[in-house]
Structure formats: structure tokens, C-alpha cells
Amino acid sequence: MDFPTIIGMVLNIGMVCLAIRLGGAPISSFLDEHAGLVVFGGTIFALIATYRLPQLKSLGRVITRAFFYSIPSPEKEIERLIGFATLARREGLLAIEERLEEVKDEFEARGLRMVVDGLPAEEIRKVLENEINYQLERHATGKKMLERGSEMAPAFGMLATLMGLVTMLRNMSDPSGIGSGMALALIATFYGSFLANVIFLPLAGKLGEHGKEESMVRMLVLEGVLAIQAGDKPQLVEEKLKTFLSPRERVHVAGVKAAAA
Amino acid sequence: MDFPTIIGMVLNIGMVCLAIRLGGAPISSFLDEHAGLVVFGGTIFALIATYRLPQLKSLGRVITRAFFYSIPSPEKEIERLIGFATLARREGLLAIEERLEEVKDEFEARGLRMVVDGLPAEEIRKVLENEINYQLERHATGKKMLERGSEMAPAFGMLATLMGLVTMLRNMSDPSGIGSGMALALIATFYGSFLANVIFLPLAGKLGEHGKEESMVRMLVLEGVLAIQAGDKPQLVEEKLKTFLSPRERVHVAGVKAAAA
Amino acid sequence: MDFPTIIGMVLNIGMVCLAIRLGGAPISSFLDEHAGLVVFGGTIFALIATYRLPQLKSLGRVITRAFFYSIPSPEKEIERLIGFATLARREGLLAIEERLEEVKDEFEARGLRMVVDGLPAEEIRKVLENEINYQLERHATGKKMLERGSEMAPAFGMLATLMGLVTMLRNMSDPSGIGSGMALALIATFYGSFLANVIFLPLAGKLGEHGKEESMVRMLVLEGVLAIQAGDKPQLVEEKLKTFLSPRERVHVAGVKAAAA
Amino acid sequence: MDFPTIIGMVLNIGMVCLAIRLGGAPISSFLDEHAGLVVFGGTIFALIATYRLPQLKSLGRVITRAFFYSIPSPEKEIERLIGFATLARREGLLAIEERLEEVKDEFEARGLRMVVDGLPAEEIRKVLENEINYQLERHATGKKMLERGSEMAPAFGMLATLMGLVTMLRNMSDPSGIGSGMALALIATFYGSFLANVIFLPLAGKLGEHGKEESMVRMLVLEGVLAIQAGDKPQLVEEKLKTFLSPRERVHVAGVKAAAA
Amino acid sequence: MDFPTIIGMVLNIGMVCLAIRLGGAPISSFLDEHAGLVVFGGTIFALIATYRLPQLKSLGRVITRAFFYSIPSPEKEIERLIGFATLARREGLLAIEERLEEVKDEFEARGLRMVVDGLPAEEIRKVLENEINYQLERHATGKKMLERGSEMAPAFGMLATLMGLVTMLRNMSDPSGIGSGMALALIATFYGSFLANVIFLPLAGKLGEHGKEESMVRMLVLEGVLAIQAGDKPQLVEEKLKTFLSPRERVHVAGVKAAAA
């Protein structure tokens, strides 16, 4: 979820606060624990009622991971894999073992270790593809839960607004309270819409993009690892992996010569 | 539907009641048999008019089953199947027969009995897959009916609100009744939205998740039963069945050694 | 469309009338030929403008047929086909001819006649599948037209309400008419929503279910007829046809022994 | 677009005018050049901004063609093709050439001319299928543009209503103008909804049906032309082409005997 | 995005301004920096929070390119490729090299250079198809971002309107401010709807059409380049490439004779 998501959300929250202040009202006039209870509580309880426990736990993990784990850039990945391919051609597969601890990315380390251990290509591909698929599914489930949240929040906002309106309409004998009654009722709709559009929808969108990007990099690593095992020439490894990049990105890869230097 | 669904729904209902009380109104002020008649009656009658009788009966069965029948955990299933595989290798397929009554899950018992009876693998796969498909369809139909309900409830809520508004507007000569008239009219919209978002949608979502989970466990059992029939080594059975689990879950399976102990 | 649809719709209409009476208004206060003209007329004229003449005619036919033609139960169908299979094995295909007039279902009679006439299996399958497909398409088109109607009715309801509001707002000099003017305007929205949710949507849903059910029974008959032609043993015919039933339904079929008795 | 579309639209426009008059208002009270400018202008300008010039031109052509070109009935087409097949069998392919000018339908004439010219079947099929596909795409694009229009019209209607409301609310010092101000504002919403539901949506629906129908007839002609080239017996041509008809329609075809008479 | 998009948008903006003036209000009465901040700021910040940085940068590039880069017409492309095919047949592939700088389109130049360099057809096809796919994806992503913007703008418009209403309702003690308070609140909804329907949706639609058109022309160029490499006769090249055109467009191509002249 890198910085843009956090920055975009913080900017949006700040912008809303600024707009309230510019409108001449104190921010406290938009705080209502009553509306908050129904909108936040209702959305969370509805999600609890809809999903199974392990899925709910997994959502938190997927989001925090997306915030703190930055996907390795494909260009860097390609350069590193070319390096390993060169090493393997010069000094044999076992030479990779010594430099395995340099590899921070668990997925890549796992693939290379299986190569060093001499597992057949079939097996390596199956294990790594399996892992890619599980992660794609975790991301897809997380995205769906956040989208469900973005539908639930406005629904509970409207529910709370209806509750406020009914209560207000029953006490119309006191006309001075009508304005503030309606104001309170509308705050719930505001909360629901805010939650959906400022929090849930961007988070869901980013999770989807993050998942696509990460699985692309992992596919690239998978192909690179298998090419190393097959003993491909570094030039061929570079060629194969560059097809994962757009023409514009390919320029940024320091190719075989740089790696060999 | 385990506990989370019931808990989530109860929390949501309690939360709405709490919010009404916090708003300073008695809960009775949100009870209106008039609105209830149109929203609940209309939704149920519309479902009756839309679906065939056996489908309507099946819905109740699917929901109650989902509440009271907890899906066996895939980890436990794998351990049990490894146990049977070990037994079959050591003492022959017939040794399974004696321990068949231990198996509580009807589906698994049926599969194992067919193995003991010496039916060909083709036949066993066809019968069990047929059953998995029927159940998936039952779940899908149930989910679709609940989703249809979640569309119908707000529609009849709006219908009742319109009826309330028309009646109120015709009697505007008595202005003191306007407030309570509108309040009553809005309660129907509240009912429709409540029914859709607190009851129908979470139930529909859970039914979908429950169906996916159950069919996954059954696919696993199907593969396990066929592996036992084929006389696979327990290690191979474990290997095959673990591909149904995410890497994180695999750790929780007490493997062949534990089962053989 | 059997009874449940009619009952569900009648209950819904009765419920709405009851709710109006309980609300203290005469039912006549919800009758407005003005709103009726725009909502009913507009929806029908829009359907006429959207579809071709033969499609419009076919809609009426499909609906009335669905009301008055009850699909033969698959269990009964299986029993009858087992009976014919037994007869064909004992006394030859020609023995079927004598009992052909007992078969009320046109589709089944046609299939059996082709068997008696000695047409090749290929040909029989092609003719019958063609007929199943045409019927599925007729049902699908009918369903789509009713769904289009369920979108058009609320749209014309809103159109009529807008017309009522504009007219009312232009005559605000007479404030006593505002209430009844708005009431009249809202009745059109009520009509549109009623038409969509009480009539069109359940009818569309039922047509879809009816089509699925009927084509399933016809697939079953098709397979049964071909099995009879192939001279399959009654036990095998029973086995083949029972795969069309859910495990729960299979119990209700009086099998070969009963039929042979 | 034959008569039903024109009749349905004219009836709908007449019905709306009648309803306005019945509501006691002059029709002129629903004319507002202000609202018309925003709704009609905005929708057209938005379509211009969305599509490429050739697409916009093609839309007009597709609609007018659909109005003035009536699709030959499949029954008539089959009879004519059987006639040509009989002729070709009796007097050779060249006999068709003399009667080619009787064929009004360009597509059919083109197909038959290619047969007479002795082009290979492969080539004829490719050329004719290509033409069918281009026409299907033209219809699909036209339908999509009209549907886009049916989304844009209500959007600009709401835009104009908002503009009217803002202007009115700013001049609330004159309370006598509120009613007519709101009436004017609502007329724009009325225009948008009218345009979408009475004009754009039926036109889009009809274009879709028209395209499906025409491409079906052309597929039939394509198969007939190829059967004639292959020298099929008239009876076989009849058999082949009748599979394009529903069982009900087949009765209306005057078969080989009639054609040969 | 050629002229129509710019013209359509400018006309729409002008039309809205005209309509405001015709409504008797100064245009300045529709300017509100408060509403602008929430709608424009919120939409942009939400997009930043949803997409990754390179995607956001790419959006600007795709739009500006679409504005300033006009797709070569397929007819012109075909004529040029026929010219090169004639040249290659007469004077050999190397003769193309000399006239390579005449080719302005980068994609075509690249393809022809690979032919001159003697790369195998397989390789050329792979490289060029890869480029077509990357561009299609860039267009699709850009379109999706603009559509997301067209959903976000009205959502933030409603959010700002709710904020305005709440603030206004809290200060109902001053009744003279109600009208202008509501007017200000509604301006935000107006902004959101304007942004979505006048800017985002047409831009998204055009980007989609532009992408489809450009990739079609590039597919045509790809086939033409490979036909030249294969040494096809100019007549055959013309035949092959004309299948990319509709029958109506084919007339406009100056064929082999013209090119050979």
C-alpha cells in the first residue's frame, strides 16, 4: 500500500476537516457517537456475520502486509536473477547457496533453495505456482471483503439516518429541535459515504493493484529461477524476463554486461 | 453458519436497539404492525410467487443445516484419511470396515464404504462428484433466493412508505398528525433496509462461503478416498491432500509420523 | 407458474389492500386513472416499441402455457420410461406403438413415435434437442421482456409523478390542494413499484425456473427414449435417468421391480 | 424498425400529452427551452465527445435503415432458395443468372452471383460471413451508443434541475416564485427521463432485436447459397434451412412440392 | 482525442454557462471554492490512494498522447504497405531501408527495420504483438481510472452537499440564510455530476474507442509487414489487408494499380 495510499487518505481526511472549518462549523459538530455506533458497528458486525473467522483474520494480515511490505521492483529482480544466472554458469549451482542469505524476498529464496537442492523443475514450478495462486486468492478475498464493506457502510448510514428522522418526526411539538435533529440524522449518511469512498474503496482498489503487481513479479521470479536451473545463458535469461516489462521499463534494466562487470 | 453469523446478527440487532434508546425514543416507537405486514408479508409472498415449492422448502433446510452442522476442518480430515491409508496398507482394505462407524461425516463414510465394497474408482468418483455438485447447486439456489429477498425487502419498504405518505397527504387538514404520519411511513423503509442488510445479505454471503468451504473439504475427501483405494503410500496421500491447504495451514497438520504413532 | 405464483400474487395484492384499509384510507383513494394511464400505458407502449410482433405474441403464449401446463414430475417420467423399456425388451419396440396414445406429453410421444418409426438415434437426438433449445430460448426471451417491463414500470411511475408535481407546483396559489396534489403524484410511483415488484419480477423469476425445470425433464425424456431405442435393460435405464435427480428425490422413484410388477 | 416501434413511440408521446391535459395543465406548461437546451444539447454533445466521427455518422444510417428496410421473412427466403435449388438442379447454375435481377436483397444477390461466377465455397463463405460480422458490429455499436444516450439524458436532466434549484434558492426573497421555480427545475428531470425511456431505450432494444433477426436470416441465406452451389437436392436444402425456424414457423413454409409446382 | 472530444466538451461547458445565464443568474453564483475543494480534491486524492504511482503518471501520458497523436487512417496505411510490397518485389528488401525515414509511425518503422535486418517472422510477430498488448493494457487501465473518477466525483459531491446541509441545519435560527445555504450545498452535487458526465465519462469512452482503433491499425500493419517479408505479391497484400476494413471503407483504398503507377 506504500505511501500514495496513506498520503491520499490523509489528504482526503484533512481536506474534509478543512472544508468543515471553512464552512464555519467546528469539527466537533460533525462528531456524533450515536451515528458512529450504527455506521461503524453495523458495518463491522455485518462483515463478521458474512465471513468466516479465518477470512476476517486474513484481511487484517493482508492489509498490514500491503502497508509495510514493498514489492521488489521488477527491474531489480531481473538484475539479481541475471547475476545468479551468471554465477551459476561460471561456478555451478552450488555457488548460489553461499549467496542465498543475501536474498531478502522469501519467495525467491525458497525457489533458489529448491534449485540448489536439486529438485526437478516440474516440482519447483508446482510449489511456486501454488503459492502464487494462494496469494492471489487471499488478495481477491480481501478486496471482496472491503468492497462488501463499502456497500454496507452507506446502507447502515441510511439506516441510522432513518432512525434519526423517525425519532425527530415524533417530537415535532418542539420545532426548535427540527434543524439540529435533521443535522444529526444526516451525519450518519455522511459517515457511511465517507467510510465507503475515503477508506474502503481506495483500500479495495489498492489491494487489487498490489496483488496484480506482486503476482507479476513472482511469475517473473519463477521463470528466472527455472531458467537458472536449466543453465540458460545470462543473455537468454535477460531476454526471457524482459518480456514481463513494458518497452519503456526495459531501458531501466542494467543488462548482462553491467551484471557481469 | 457457526457462531460468527449468529453473533454478528445478534450484535447488529442489539446495536440498533441501543441506538434507538440512546436517541431518546422507546423501542416500541419503532414497532408498527402496519409497516411490518407490508415489508415482511410482501417479501415472503413475492418469494413464494417467484420460486417453486421444493426450492422454498430446500431453503429452510439449507439454512438450518448451515447453522447446526459444522464443516469438519480440512486439517482433521487429512489426518483421518492418512490414518485410514496407513491402516489399509498395513492390514488391507477390509480393516477399514471395522472402523467405519467411527466416521461421523456421512459423505466420507459413504465413500469409504464404496471402497470396502470394491466398487471401481470411476464409479466412486462419479457418485461422489454428483453429490458435491447437487450440494453446490442447493447452496447457490439458496444464496440466490436470499439475495432476491434482499432486493425485495427494500422494494416493499418503499411501497409501504409510499402508501403511508399518500394516506398522510390526503389528511393534511390535521397538521399535528403530519410528523407522526411521516414517522410511520419512514419506519417501513427502515424495516426494508434492516431486513436486507442485517438479515438477508449476511445470510446470503455466509451461505456462499459455507458452500465453497464444504465442497472444498469434500473434494479433499474424494481425492483421499480414491488414493486409499489405489493403495497409495501414506506419505503420498499426505502430499496430495496438502495441496488443498494454504502454506500457512499445512503446518497445523499432524503428518504421517504422528498418525502412524 | 402453478399455484404458488398465483397464490403469492393474490396474497400480495390482498395484503396491500388490507394495509391500505388498516391505514384508515378507502382503497378508492389509491385509484387514479391518470397515474394508471401513464404507468400501465407507458410500460406497454414501450414494450411494443422495443420488441418485434412475434415476440410480443409469444410472451402471452409462454405465460398462459406456464399457468395451465404443469410440468410432469421427473419421478413419474422415470417410472413411465422404465415401463416402456421393460415393454420394449419383452415384446419389442412395436408394442410401444399400441400404448402410445396413453402418453399425454407431446414431446415424449413425439420421441417414442420416432423410435417406433425406426429413425436413427442421431436424428432423434437432433430433432428433440432442437425443440428443447427453441423452448429454452422462448422462455429466456419471455423472461427478458418481463424484466424489461419491471424496469419500465418504475420509470414511467417516476415520469407520471414528475408530471403531477410540475402541475401541482404551478398552482401553488391554492395551498389546500398541495397535499392531495402530492398524494396523487406519489400514487404513480406506487403503481410503478407495485407493478414491478408484485407482478413483473415474480413472473420473470418463475418463468426462468419453469423453463429450467421443463428443459431438465425433457433432457431426461430424451435420454430415456434413446436408451429404450438402444435396447438398454430397464435397470440400466433407471440408473441413467436417476442421475437427473438429487439423492433425496431418488428415494421417491418406484424402481424397476415395482414397474415390472 | 418497422411499424411497432413507431406506433409504440407515437402512442407513448400521445399518452403523455393526454395525461398532461387530463391533469388540467396546458401542454405548453411542459415546454421549457432552458431545460431542453441542457438535456438535449448536453446529451448530444456528450455523445459527440465520446465517439469517433465515423461511428456517429454510422448511427444515423443504422437507425434510418432499420426504419425503412424490412427484413425479408425467413419463410419467404427459404421458399425462394428452394426455388433456385430446383432451378439449378434442372437447368444448371447458369440458369440462376437470368433470374438474378428478381432478387431484391443485395446480400442474397451477391451470394448467388458468386455462385454463378464459380467462386470456391470457401471464398463465398468468407466474404459473406465477413459482411454478416461487420453488420452485427455496426448494430452492436449503434445499440451501445443509444444506451449511452439513455444514461446521459437523465444525468443532464438532473444537472439542469440542480441548476434550476440553485438559481431558485438564491432568490427566495420572492416566495411567490418558489413553486414555478421548482416546477421549471423538475421539467428538466422529466425531459431526461422521457428521452431515456420513451426514445433511447426502445430504440436501443429494437436495434438489438433487428440486428439479431437480420443476421439470422443472412446466415440462412448463406447456408442456402452454399447448398445450391453444392448441388444439394431441393428436399435436402429445405431440411437444412428449416432448422433455422422454430417448429411453429416451419408449418408456414410452402415446401419443395409447392415450389416445384 | 482528435477534435470531436474537445469540441463536444467545450460545447457542453459553453452550453451549461449559457443555460446559467439564461436562467437569470450570474455564472459567479455557481462558483464555490468550498464545494470545489471537496469535489475536485476528494476525487484526485481518492485516485491517488487507489492507484500506484506509475499508473497515475501513465494516465496523463495516455490522455495527452490521445489528444495530440492522430491515428493513421487504415486506408492510408494499406496504400503505403502496398507501396512497400511493390518496392520489395521489384528491388528487394534492402530497397525499403532507403525509404525507411519517410515512415513517421514508430511502430511501422520498427517492424520494417526488423524485416530489413532479416529477423525471423516469428520474432517480429512476437515483438510487435507484445507492444500492441502493452498499449491495449495502458489504454484499458487509463479508461478504468477515468471511470473510477466518474464514480468518485458524484460521491464526493454528495459528501460536500451533506456537509453543507448539516452546517446549514445547525444554524436554522437565521431563516434568511436557509435558501443560500441549500443553494451552496447543492452546488457540490452539481460539480460532482458535471465532472462525471461532461469530463470523465466522455474521456473514458473516447480512450476506449481510441485504443480499439489504434490496435486495429497496428494489427493491420503487423500483418502487412509480415506479408512484405514473406514476399507476397502486392495484389495478395491488398487482399489480406482489406479484410480489416468494412465493405464501405474498401472503396476508398487506392489499390495496387494506383500504387504501382
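Quick notes on this structure:
- Of E:151, D:108, A:91, the sequence from fewest to most neighbouring Cβ atoms within 10 angstrom is A:91, E:151, D:108.
- 5 Å-binned pair-distance histogram of the range C:72-187 (Cα, whole percent): 2, 9, 12, 12, 10, 6, 5, 5, 5, 5, 5, 5, 6, 5, 4, 3, 1, 0, 0
- Convex hull of Cα atoms in the range B:53-136, direction-averaged projection (nm²): 6.6 nm²
- For the range D:165-261, the dipole from Cβ point charges (+1 on Lys and Arg, -1 on Asp and Glu) about the Cα centre works out to 180 debye, to the nearest 20.
- Fewest-first ranking of B:65, A:99, using other Cβ atoms within 10 Å as the exposure measure: A:99, B:65
- Near-label residues of the range D:167-210 by backbone N, under 20 Å of a point 7 Å along Cα→Cβ of residue D:13: D:187-207
- For the range B:129-261, radius of gyration divided by Kirkwood radius, i.e. Rg to Rh on alpha-carbons: 1.38
- Within a Gaussian network of chain B (alpha carbon springs, distance under 10 Å), most fluctuating of B:152, B:172, B:114: B:172
- Along each principal axis, taking the top coordinate minus the bottom one, the Cα set of chain E gives 90, 39, 28 Å in descending order.
- Cα centroids of the range E:16-75 and the range B:48-101: 57 Å apart.
- Label point at residue C:102 placed 7 Å out along Cα→Cβ; residues across the range C:225-250 whose backbone nitrogen lies under 12 Å: none
- Averaging the Cα positions of each part gives two centres, and for the range A:143-212 and the range D:191-234 these lie 47 Å apart.
- For chain D, modelled as a GNM whose springs connect Cα atoms under 10 angstrom apart, the maximal fluctuation among D:239, D:209, D:101 occurs at D:101.
- In this rough spin-label picture, where each label sits 7 Å from Cα along the Cβ direction, the residue A:215-residue B:68 distance is 4.0 nm.
- Per-residue shielding of A:15-26, expressed as the average number of other chain Cβ atoms within 10 Å of the residue Cβ, stands at 6.
- Here the relative contact order of chain B, from alpha carbon pairs under 8 Å that lie six or more residues apart, stands at 34 percent.
- If you wrap the Cα atoms of the protein assembly as shown in a convex hull and average its projected area over all directions, you get 60.3 nm².
- Helix D:177-194 vs. chain D, principal-axis angle (Cα, 0 to 90°, nearest 10): 10 degrees
- Listed by chain and number, the lysines whose alpha-carbon sits under 18 Å from that of residue C:242, ignoring those within fewer than 8 places in the same chain, are B:126, C:76, C:212, C:233, C:257.
- Qualifying lysines (Cα of each under 21 Å from Cα of residue E:206; at least 8 residues distant if same chain): D:57, D:143, D:144, E:57, E:143, E:144
- Between residue A:126 and residue D:178, the simple label model (points 7 Å from Cα in the Cβ direction) yields a spacing of 7.7 nm.
- When the Gaussian network model of chain B links Cα atoms closer than 10 Å, the mean-square fluctuations of B:221, B:116, B:62 top out at B:116.
- Residue exposure proxy: B:94, A:93, C:59, ordered by other Cβ atoms within 10 angstrom of their Cβ from fewest to most, comes out as B:94, A:93, C:59.
- Folded to 0 to 90 degrees: helix A:53-68 orientation relative to chain A principal axis, Cα: 70 degrees
- Charge context of residue C:120, other residues only, Cβ under 15 angstrom, K/R +1, D/E -1: -2
- Sites residue C:248 and residue C:76, calculated FRET efficiency, Cβ-Cβ separation with R0 22 Å, nearest 0.05: 0.85
- Taking the label point 7 Å along Cα→Cβ, residue E:76 and its counterparts in the other copies are spaced 4.5, 4.5, 7.2, 7.2 nm apart, in ascending order.
- The range C:1-69 - Rg (one decimal) and Dmax (whole number), Cα, Å: 16.2, 46
- The range E:1-120: relative contact order as a whole-number percent, Cα under 8 Å and 6+ apart: 23 percent
- Estimated from helical segments only, the mean residue ellipticity of chain B at 222 nm is -25000 deg cm²/dmol, where each DSSP H run of four or more residues counts as -39500 (n - 2.57).
Readers should treat all values here as calculations from the given coordinates under stated rules, not as data from a laboratory. Values in this document were obtained by computation on a predicted structure and should not be read as measured data. Glycine also receives a Cβ, built like all others from the backbone with ideal geometry; neighbour counts cover every protein chain displayed.
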